[in-house]
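Peer 1: One structure, pasted below without further comment.
The values are calculated or read from the model by the stated rules, or taken from the named source; none is laboratory data. The shown structure was predicted, so the numbers you read here are calculated from the model rather than taken from an experiment. In this analysis, Cβ positions are derived from the backbone assuming ideal geometry, glycine residues included, and neighbour counts consider all displayed protein chains. The accessibility values were calculated without ligands, DNA or RNA, using every heavy atom of the protein model including side chains. Shrake-Rupley method; radii C 1.70, N 1.55, O 1.52, S 1.80 Å.
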Amino acid sequence: MTAPLTPPPQPDRHSSQSVPSGRTSGPQQDPEPQPAQPPAGAAVPGTPAHPGRATAPEAAGPGWKTEVRRSAVALVAVALGGVLLGLAWLWLAPRVPLVGQISDHTWVVYLKDSEGEQAVGVDGTFTLLGLAFGVVSAVAVFLAWRRGGVASAVALCLGGLLGSLLAWRLGVWLGPQGDVVAHARAVGEGVTFPAPLKLGAKGALLAWPVAALVVHLALTALFVPREPELPGQGPHPEPHDGPPAA
């Protein structure tokens, strides 16, 4: 009689489980995260998108301190040009003839030519000279720095207005005597003498700043290149109504 067959013992699962090579049987550790690499062709932060091309701060031009200093120099230089305008006005403006006469033991001064247009010519001369000085000052400031901007325009306007005021007062001061009765007494009765230099149309004071501003804007639009657009500031393409054609 044969003995009953017994099945072989089952192997221990914990002891027979194989451990992969290079790893320990202890608690597993998460691998350290690796820094993500940018895709090929992507721009790295902190570096210019286009090597060799000026970035936005570099293309913006000089700082505000330099702009203020340049504008102050331009304002003073343009205003001092009023001395030349005043001398030119005094030299080129026509003279208004006056005549003095004694009437009832009193000196009376009147125009020698009551229909003359010398007074209009005085205002016209100042206006034309102001326009010419405005053009010259705008061109000089533009050639000095080759830049436009609000600061330069403001300096030209203020400098031109101050220069016109200086020219006006200087021409009146250096012109003929303001006391016409004393002047008539000095030259004698019936003798023609020039009237004081007078600016009748005060709007002529604006000829210089207006001309300087217009010429400055024209030169800036013609010869100053536009600043490069930053990425993402260009015009956005219009969306298509339908799917793209195959």
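Peer 1: Just wondering, is there one or more residues in segment 87-97 that are touching a strand residue (DSSP E or B) at 6+ places or on another chain (Cβ under 9 Å), among the aromatic types (F, W, Y) and surrounded by fewer than 16 Cβ atoms within 10 Å (Cβ to Cβ)?
Peer 2: Taking every residue of segment 87-97 in turn, none turns out to be touching a strand residue (DSSP E or B) at 6+ places or on another chain (Cβ under 9 Å), among the aromatic types (F, W, Y) and surrounded by fewer than 16 Cβ atoms within 10 Å (Cβ to Cβ).
Peer 1: Here are some conditions: (1) part of a loop (DSSP other than H, G, I, E, B); (2) out of contact with any helix residue (DSSP H, G or I) (no Cβ under 8 Å at 6 or more places or on another chain); (3) modelled with pLDDT of 90 or more. L197 meets all but one. Which one does it not meet?
Peer 2: (2)
Peer 1: A further question on this structure: So which of G203, G178, G159, G171 is part of a loop (DSSP other than H, G, I, E, B) and open to solvent by less than 70 Å² (accessible area, probe 1.4 Å)?
Peer 2: G178
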